[in-house]
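Written below as structure tokens is the structure these notes are about.
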Amino acid sequence: MTDMLNWVNIGPVSTIPQQGARTLQTETDRIAIFRTLDDQVYALLDRCPHKQGPLAQGIVHGHFVTCPLHNMVFSLETGEAQGPDDGCAAKVECQVVDGTVRIGLTELQAGLRHAG
Amino acid sequence: MNHVPANIKSAKTRIVVIGNGMAGMRTVEEILSRAPDKYDITVFGAEPRVNYNRIMLSPLLSGEKDFDEIVINTAEWYTENNIHLYSGDPVIMIDRDRKCVISRSGTKTEYDQLLLATGSDPIIIPIPGHKLDGVVTFRDVDDVDTMLGAAAKGGPAVVIGGGLLGLEAAVGLQSRGMDVTVLHLAGHVMERQLDPSAGYLLAQELERRGITVITEADTAEIVGSENVTGVHLKDGRMIPADLVVMAVGIRPNGRLAADAGIAVERGIVVDDVMTTSDPDIFAVGECVQHRGQCYGLVAPLFEMAKSCADHLAEIETDGYTGSVTSTKLKVTGVDVFSAGDFSGGGETEEIVFRDAGRGVYKRIVLEDGKIKGAVLYGDTSDGAWYFQLMKDGEDVTELRDTLAFGQAFAGGSAGNPLDAVAALPDDAEICGCNGVCKGSIVSAINEKGLTTLDEVKGHTKASASCGSCVGLVENLLAATLGGDYQAATVKPICTCTEHDHDSVRRLIIAKGMKSMPEIMQELEWKSADGCHVCRPALNYYLLAAWPNEYVDHGASRFINERVHANIQKDGTYSVVPRMWGGLTNPRELRAIADVADKFEIPTVKVTGGQRIDLLGVKKEDLPGVWADLNAAGMVSGHAYGKSLRTVKTCVGQEWCRFGTQMSMSMGVELEKMTWGSWMPHKFKMAVSGCPRNCAEATIKDFGLVATDGGWDLHVGGNGGIHVKATELLCKVTTDEEVREYCGAFIQLYREEARYLERTAPWIERVGLKHVQERMVDDEANRKALFERFMISQKNAQKDPWAERASEGVDAHEFKPLSMVAAE
């Protein structure tokens, strides 16, 4: 899909706790937005590819998050599962502009177009 | 006076050993391994304890080891080998005419052969004030105890002497919380082992750790009226001090020998098989002078012990020919190595390598193409290799271009550590502390069928002391056994660290580390901020070590403990309000019913621990649910935590016609005392009012079963995959005792178990006897444990639900973000 992303502001970096995460509900799904110890901000769909665990509830360490349900570890940078596990958590575009976190939503997520 | 009559002379040769230290006992061990039945052995020691590893006093001071860990030979060892040990009873006289020794207690013991291992005395500079209270040397366990006593009060300390021992004392005292100044007479620290460059790097590192180093400091006087208050330097400076450690060197102790008319110069004069001027009297260790040399390091005395034992056992020997020594500083995180003569000049050439970024300095001194000396700072991994090349007198001309880069570069195949260790010659020293070479380890592995590091430690003592050669020994095991070797010794907490749970816990206390970043920095964590395995463990260890002081780190807790509810498979939560002892009432039940209606909670279930579980609560509803439950007087049931979960009770004497004790009220009381405390794992209790045990107290972590006369206290049970029934801890009679034993047991578990270890595997690991010794037999310790538990409970009993429902704690957890369109 080559649709243009719809950028939304969700506030300053400080709204997200360090080594923690918060969630953003969209029209179609929930996004987990993480802040690491070195203040990098990343976003993934809040759904572990294994059993749909809420990744935003996991422990954030380095640039990784551990799923709270079965301890699978995912890279926040790529969404890929680490170690012996297979799978990939869906990555969501995310930037920090002048200290404000922006998330790039698809048209479906933004509610601008409806599926089917 | 006791007298051992001469007419009951045993068939064995009677050997008396004066000195229960490392040299004496090492010689005895060597004798036993050569001729186990030849001697009837008697040992006199001045210290009132078994034989321990004196070079481990530094880790004992810093708290990295405890006394049991530095014991070389236990009391059982002496018994098993039929050695008569007189500890705390020094010999005061040798009567060579009658061939007997007399000890302070008056015991007179005859000998056929006598072994002197009297060691050395710390030098005390006779400046004014050297006899004040608070002036100590650093020589034995009593000195360490004195230093620890002073360190407990904090305050300033001065160490006179910036040599090996002085610096280890300084670092130990500093890690115990004292403000330490090192006074050193020479221009740089450890000048006998280090050149000025390495000395400078070392002093800088010490300063970085908060230790003040003053060089060219000439002490004029120690000041104080009764207790020391400071040290006065000749240049007029005054350094305040509550404790002064004198570590300026040692002097061989040859007094007894000299009094008996044996030849003594600087030390007791011996030949190559350690015989003194009296052919029936031998001497080993720091007390001797051999070929004009006295030694203050451990490696030479091991070599002396071997030669002496060979001679006594009448085995052909080349004798002792003197030692080439190397030095390592035993300070965690500082790598310093030196060997040989590195003074340079004359016909010598030098290779110097510096990497300021990594703080690495290497200097190798060559003469005639051979290594004459080496000083390494920051990276000492090749120390053993240089030392070996030096001892062997190997021509290193060919290696010269890459010599500074170490063995991995020079040896070609040595890039692989297994090949490197396989390439070492049999006489290469592996364990410097215990003087064990590669050949003895390999033959022990092959002949005795050793397969683990612990077995190698047990049989050869290699890596049993400072532990810095553990890697080498493991590589040797792997190289010798091939595919049969499985390294499984220290199990690190996770891949972020080399440390296991126990050493991290010990170091947190010993180094006074109070935050997670500090632990990760000091203990050289390999990741920036740990992982989901180590962070919750460290958070717990810090909470347990510094109660009422450490601030809980929410981001290092599993989600359940962070939001005080149990996450379910669909991402909703379950909520379990506390029902003290399993008791409830209509008001609470109504409130629970109302909450379930109001928040459309789909499932309401009774749990195994006599509570009501509300399942399927949405995360954002949690604060609302808690507020309503709080309003009805209910608090968190901690069904989500590594903490006190539930106290299950039967109806007991209150209602039951068989009941012998009030189990309900006892359950309520214990739950009110213990709720809110964080533990290594979940902790469940139960109280049964009679031996019919309806509350199933014998599968709980702590269970009470009432008897006619009181209570049976059971510990270490659990349900689950591996059902485990409890073991009986003890019987008590009063309710007051129940409270004290309960609190003490929980505290012992909190302090000693590893994170995520329940009481059953913990007790299996340490043994019920250990638990009983600590808290049943030892009343004072039980009371101390109980007191520590109650102190830690002071701020623990705050309802986490109320904090979040009405005080706004962690509000971000429960509110999703909202969005505005970007420009």
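The values are calculated or read from the model by the stated rules, or taken from the named source; none is laboratory data. Predicted model only: the values in this text are computed from it and were never measured. As a convention, Cβ positions derive from the backbone with ideal geometry for all residues, glycine included, and neighbour counts pool all protein chains shown. Only protein heavy atoms, including side chains, enter the accessible area calculation; ligands, DNA and RNA are left aside. Shrake-Rupley method; radii C 1.70, N 1.55, O 1.52, S 1.80 Å.
Here are a few things to note about the model shown:
- A straight chain from B:Asn548 to B:Asn82 at 0.36 nm per residue would run longer than the Cα-Cα distance by 162.6 nm.
- Value at 222 nm in deg cm²/dmol, rounded to 500, when DSSP H runs of n ≥ 4 in chain B each add -39,500 (n - 2.57): -9000 deg cm²/dmol
- Scattering curve values for the range B:644-793, log₁₀ I(q)/I(0), Debye with Cα scatterers, q = 0.17, 0.20 Å⁻¹: -0.89, -1.26
- Accessible area in the full protein assembly, largest first, 1.4 Å probe, for B:Val288, B:Val766: B:Val766, B:Val288
- Solvent-accessible surface (1.4 angstrom probe) belonging to B:Thr229, in square angstrom, nearest 10: 80
- Projecting the Cα atoms of B:Val71, B:Ile559, B:Val651 onto the charge dipole of the protein assembly as shown (Cβ charges, centred on the Cα centre) puts B:Val651 farthest toward the positive pole.
- Peptide-level mean, for B:528-534, of C-beta atoms on other protein chains within 10 Å: 6
- Note on exposure: B:Thr79, B:Thr42 ranked by accessible area (1.4 Å probe, complete protein assembly) read B:Thr79, B:Thr42, with the most exposed listed first.
- Over all pairs of different C-alpha atoms in the range B:61-144, the reciprocal of the mean inverse distance, the Kirkwood hydrodynamic radius, equals 16.5 Å.
- Legend: residues B:Trp655, B:Trp801, B:Trp546, sorted from most to least accessible area (1.4 Å probe; ligands, DNA and RNA excluded), read B:Trp655, B:Trp546, B:Trp801.
- Net length gained if the chain between B:Ala784 and B:Asp427 were fully extended (0.36 nm per residue, minus Cα distance): 123.4 nm
- Residues of the range A:3-27 that bury at least 20 Å² of accessible area once all protein chains are present, compared with their chain alone (1.4 Å probe, heavy atoms only, ligands and nucleic acids left out), are A:Trp7, A:Val8, A:Asn9, A:Ile10, A:Pro17, A:Gln19, A:Arg22, A:Thr23, A:Leu24, A:Gln25.
- Residues of the range A:40-73 buried by at least 50 Å² of accessible area upon assembly of all protein chains, compared with the chain on its own (1.4 Å probe): A:Gln57, A:Ile59, A:His61, A:Leu69.
- Calculated FRET value between B:Arg192 and A:Glu93, using beta carbons and R₀ = 51 Å, to 0.05: 0.20
- Inter-probe distance in nm under a simple model that places probes 7 Å from Cα toward Cβ, at B:Lys731 and B:Val71: 3.2
- Accessible area (Å², 1.4 Å probe, nearest 10) - B:Asp777: 110
- Once the 1.4 Å probe is applied to the protein heavy atoms, the protein assembly as shown comes out at 44 Å² accessible per residue.
- In nm, spacing of pseudo-spin labels at A:Asp85 and B:Val141 (7 Å Cα→C-beta vector): 4.9
- Within the range B:783-823, the residues that become at least 30 Å² less accessible when every protein chain is included than when their own chain is isolated (1.4 Å probe; DNA, RNA and ligands ignored) are B:His812, B:Pro816, B:Leu817, B:Met819, B:Val820, B:Ala822.
- In this rough spin-label picture, where each label sits 7 Å from Cα along the Cβ direction, the B:Glu226-B:Leu768 distance is 5.1 nm.
- Buried solvent-accessible surface, both chains (B, A), 1.4 Å probe, Å² to nearest 100: 2300
- Farthest toward the positive end of the dipole of the protein assembly as shown, out of B:Leu583, B:Gly296, A:Met4, is the Cα of B:Leu583, where the dipole comes from beta carbon charges about the Cα centre.
- Number of Lys pairs (Cα under 21 Å; 8 or more positions apart or on different chains) in the range B:644-793: 22
- Theoretical FRET efficiency, 1/(1+(r/R0)^6), r = Cβ-Cβ of B:Lys131 and B:Ile214, R0 25 Å, to 0.05: 0.60
- In straight-distance terms, cross-link reach from B:Lys12 covers every one of the lysines whose alpha-carbon lies under 20 Å from its own, apart from those fewer than eight places away in the same chain; here that gives B:Lys38, B:Lys99, B:Lys108.
- The peptide list B:116-128, B:447-459, B:371-383, put in order of mean Cβ contacts within 10 Å with the highest first, becomes B:371-383, B:116-128, B:447-459.
- Label point 7 Å beyond Cα of B:Lys798 along Cβ direction - residues of the range B:545-579 with amide nitrogen under 18 Å: B:545-557, B:561-565
- Within the full protein context, the accessible area of B:Phe138 is estimated at about 10 Å² for a probe radius of 1.4 Å.
- Here chain A has 46 percent of its accessible surface on carbon and sulfur atoms, given a 1.4 Å probe and all protein chains in place.
- Carbon/sulfur fraction of accessible area - chain B, other protein chains in place, 1.4 Å, %: 50
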